Amino acid sequence: FSILSRVHSDRNVYPSAGVLFVHVLEREYFKGEFPPYPKPGEISNDPITFNTNLMGYPDRPGWLRYIQRTPYSDGVLYGSPTVENVGKPTIIEITAYNRRTFETARHNLIINIMSAEDFPLPYQAEFFIRNMNVEEMLASEVLGDFLGAVKNVWQPERLNAINITSALDRGGRVPLPINDMKEGVYVMVGADVPFSSCLREVENPQNQLRCSQEMEPVITCDKKFRTQFHIDWCKISLVDNTKQVSTFQEVIRGEGILPDGGEYKPPSDTLKSRDYYSDFLITLAVPSAIALVLFLILAYIMCCRREGVEKRNMQTPDIQLVHHSAIQKSTKELRDMSKNREIAWPLSTLPVFHPVTGEIVPPLHTDSYDNTSMPLMQTQQ
């Protein structure tokens, strides 16, 4: 169902078009390319990363992906070759970087894509597995277990893994680092027989309603996957290529001669001068004139139409003016009377003898103090 190869110097591999291709870049192989640790007998565990690109180009082909989770894990090249590249050797340059010594080692991987006789398989199903990451699903034993479970519920004569895609490449979100959550992976498989009744159960109206309400649909064959793979049945995609109508339309080619549209007349090289005086009047002069008129009207209303105090008094009844004058006079008298509160206290209210020593307390005011406004009760001195 897939071609699994290990990394070697200038290795030739022969994947088939439309079949999943997996190539593992093992760190153990590249450790021999770098010098060992200074201490003899010490186990080497250098962090090694890989860079892969098409020879002569900065990136890989569109159908080929690469993943390496950490510098201490192996790298994996995977993808599904296309028919357009059949017969054309694809040379991938693999550069290994030792993050401890900053040394590099380069190898070439020559991919010779072969044509498959039964490609493309007419019936294709894509599953979304929630409890797997892409590098875990690419392992041969895990992918074999999944294809075995699919074969039990589908019963095809030929079953191939077509492609594997991480959920992050489909717009998925990075999971939280809690409870060992996985990012999820899409696995597309193809077969040569129609879909089984178990796979068709997703299209039932009851299951479609449950999916619209974000509930798990009821699938009878889910127990055959549940022990190892948690499949989101609401995201399964079933494609029947035998029922697809071809949208290809034959292109009718003409003689290649455009119809005669007359003699071509290019525009004149000289441009006519344009008078912007009228535009100036419309955009600046007219709004300014309107604003000036409004300002004059407002100034006339505010300054020239004031009545004044005399006209107000003439229009006010005499009795009201008398009351107003009396109120003002009373207010002024009250204010004058409030100023008298600031005079000194009379001597009759002050102590004569010191409360502790019994001595006579001297007067608070000097002889030059004006005491005409004080009460005549100073005989206590």
A chain fully extended from GLU84 to VAL286 at 0.36 nm per residue, minus the present Cα-Cα distance, gains in nm 65.8 nm
Please report the relative contact order for the range 5-113, taking Cα pairs under 8 Å with a sequence separation of at least 6, and give it as a percent rounded to a whole number. 37 percent
Can you list the lysines whose alpha carbon sits under 28 Å from that of LYS151, skipping same-chain ones fewer than 8 residues off? LYS182, LYS223, LYS224, LYS235, LYS243
Where only alpha carbons of the range 5-113 are counted, the Rg and the Dmax (Å): 15.0, 52
For GLU26, enumerate residues with amide H under 5 Å from its amide H, sequence gap 5+ or separate chain, H modeled in the peptide plane. VAL7
If N is the number of residues in the range 123-240, what value comes out of its Cα radius of gyration divided by 2.2 N^0.38 Å? 1.04
With the crude spin-label approximation of a point 7 Å out along Cα→Cβ, what separation in nm comes out for ALA299 versus ASN313? 3.1 nm
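What does the extension gain come out to for THR227 and LEU54, with contour length at 0.36 nm per residue minus their alpha carbon separation?
On the way: separation 173, 0.36 × 173 = 62.28 nm, distance 4.00 nm.
Result: 58.3 nm gained on full extension.
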Among 267-276, 15-24, 90-99, 121-130, the order from most to least packed when residues are scored by Cβ within 10 Å on average: 15-24, 121-130, 90-99, 267-276
Ignoring ligands, DNA and RNA, what accessible area per residue does the range 123-240 give at 1.4 Å, in Å²? 51 Å²
Within the range 19-36, name every residue whose backbone N is under 19 Å away from a label modeled 7 Å from Cα of ILE67 along the Cβ vector. 19-27
Between VAL218 and TYR264, with labels modelled 7 Å along Cα→Cβ, what's the label distance in nm to one decimal, could you check? 7.3 nm
Say R0 is 41 Å: what FRET efficiency, to the nearest 0.05, do LEU209 and ASN108 get from their beta-carbon distance? 0.15
With all protein chains present, how much of the accessible area of the range 5-113 (probe radius 1.4 Å) comes from carbon and sulfur, to the nearest whole percent? 52 percent
Carbon/sulfur fraction of accessible area - the range 123-240, other protein chains in place, 1.4 Å, %: 49 percent
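The values are calculated or read from the model by the stated rules, or taken from the named source; none is laboratory data. Computed from a prediction, not measured in an experiment: that's the story for all the values here. All Cβ positions, even for glycine, are placed from backbone atoms using ideal geometry, and neighbour counts span all protein chains on display. Keep in mind that these areas ignore ligands, DNA and RNA; they rest on the heavy atoms of the full protein, side chains included. Shrake-Rupley method; radii C 1.70, N 1.55, O 1.52, S 1.80 Å.
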